[in-house]
Amino acid sequence: MVDPGVYREVIVIEKSGYTEDEIGNRIPSRSPYYRCRAYVNNLSGTEYWAAAQVQAEATVVFTVRYCRCFRDMNTREYSVLWNGNVYNITSIDNVMNKNETVKIRAVRREDGKKGD
């Protein structure tokens, strides 16, 4: 179990979708899905080197407390907003299926500054 004091960073999980402009064109958009506190950890050791092999140096693991909303999440439609950067989710792990903590592994999107 992780000490609650380590959940210092605020993250926003966003869901991708579409909106329509005034003439009906579909425009890609992101909307807030879930806001929570997380323990943020950069990869280290063998995990870092494995990620570097596929040019994923900006891989981060967000550890959060479990919430039922994670059951509906997938890696295609959801992303993480943290410190003004958008991270594409590569995996979502309900640690040991205990419904206590979830590890979200994500890669920083190069074009993913807030407001894009």
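Structural remarks
- Every test in (1) modelled with pLDDT of 95 or more; (2) charged (D, E, K, R); (3) open to solvent by 80 Å² or more (accessible area, probe 1.4 Å) is passed by Arg108 save one, and that test is (1).
- Any hit, the range 44-58, residues being open to solvent by 80 Å² or more (accessible area, probe 1.4 Å) and modelled with pLDDT of 95 or more: no
- Filtered residues of the range 85-100 (kept if more than 14 Å from Lys15 (Cα to Cα) and open to solvent by 30 Å² or more (accessible area, probe 1.4 Å)): Thr90, Ser91, Ile92, Asp93, Asn94, Val95, Met96, Asn97, Lys98, Asn99, Glu100
The values are calculated or read from the model by the stated rules, or taken from the named source; none is laboratory data. Nothing here was measured: the structure is a model prediction, and the numbers come from that model. Side chains included, ligands, DNA and RNA excluded: accessible areas come from the protein's heavy atoms. Shrake-Rupley method; radii C 1.70, N 1.55, O 1.52, S 1.80 Å.
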